Amino acid sequence: MKKKLLIIGASGHGKVVIDIAIKMNKWKNIAFLDDDPLITECMGFSVVGKTEDAFKFANEADIFVAVGNNEIRENVQNNLESAGIKPPLLIHPSAIVGSAVEVGIGTVIMAGVVINSDTRIGKGCIINTAATVDHDNRLADFVHVSPGAHLAGMVEVGKKTWVGIGGIVSNNLTITGNCKIGAGAVVVNDITESGTYVGVPARSIR
Ligand SMILES: CC(C)(COP(=O)(O)OP(=O)(O)OC[C@H]1O[C@@H](n2cnc3c(N)ncnc32)[C@H](O)[C@@H]1OP(=O)(O)O)[C@@H](O)C(=O)NCCC(=O)NCCS
């Protein structure tokens, strides 16, 4: 653990991520990197360079990717990892993480989240505000579980799938990778084809 943390992405998601980093109280110095030259600061924290500068700072700073888009987050984190950079795991102090839970590098677990026993969460995931992920889940890399979404026990979610705000996934189900599950959708059957699913019960719209 280094004394400095650089967060890639000075956006709304970055604001929530930096708040978690502050509350973890592990880094003395926190700043952003962002590719938009018009953004020079975010919530009083300086933007000190662009994404590519992460490699320059890697010896002195931990680097975290705070990009909401699963595809972009995967690309940026994979580039960092190729250069030997391992992003930290960020966990809000109010999150409850059960026994035998494993979480990959570069994942953020936000305020009020509950993750129950024996669940595995991949790298670069976002488990957003007040989401719950129950026992024995298997979430692949770069999954996003949005605020207030609930995954029952024994759920499997494939790489880069996004469960929208307030989404519900019933127990023992598998959702394949690269899916978008709409806000408020209720998944009651396995989803085996990548695509966008909305409604109650969730149905494909494309
Ligand atoms: C599912 C979603 C990704 C689809 O977005 P999109 O591809 O831009 O789709 P559109 O907005 O063009 O909508 C397509 C159709 O699906 C419907 N639809 C979209 N989202 C829906 C939802 N969550 N529930 C029910 N119907 C929905 C639209 O009304 C539209 O219907 P129509 O063709 O009869 O007019 C998006 O609507 C959504 O729910 N995003 C989740 C947002 C979220 O969770 N944000 C939290 C971020 S932390």
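Taken together, VAL97, VAL17 contain a single residue that is within 17 Å of VAL145 (Cβ to Cβ), free of Cβ contacts under 8 Å to residues at least 60 places away in the same chain and surrounded by 15 or more Cβ atoms within 10 Å (Cβ to Cβ), which is VAL97. Among the residues making up region 96-124, those that are under 27 Å from ALA58 (Cβ atoms) and touching a helix residue (DSSP H, G or I) at 6+ places or on another chain (Cβ under 9 Å) are ILE105, GLY106, VAL108, ILE109, MET110, LYS123, GLY124. The residue that is nearest to VAL157 (Cα to Cα), among those in region 168-193 that are part of a strand (DSSP E or B) and within 14 Å of the ligand (Cβ to nearest atom), is ILE175.
Quick one: which of ILE126, ILE115, ILE105, ILE205 is within 13 Å of the ligand (Cβ to nearest atom), on the phi < 0 side of the Ramachandran plot, of a type in the set (Val, Ile, Thr) and free of Cβ contacts under 8 Å to residues at least 40 places away in the same chain?
ILE205
When GLY158 is tested against (1) within 16 Å of the ligand (Cβ to nearest atom); (2) farther than 13 Å from ARG203 by Cα; (3) touching a strand residue (DSSP E or B) at 6+ places or on another chain (Cβ under 8 Å), just one condition goes unmet, and that condition is (1). Counting only residues that are in contact (Cβ under 8 Å) with a residue 60 or more places away in the chain, among the charged types (D, E, K, R) and at positive phi, region 129-159 holds 0 of them.
Readers should treat all values here as calculations from the given coordinates under stated rules, not as data from a laboratory. As the structure is a computational prediction, the values presented were derived from the model and not from experiment. Because the Cβ atoms are built from the backbone with ideal geometry, glycine has one as well, and the counts that use them run over all protein chains shown.
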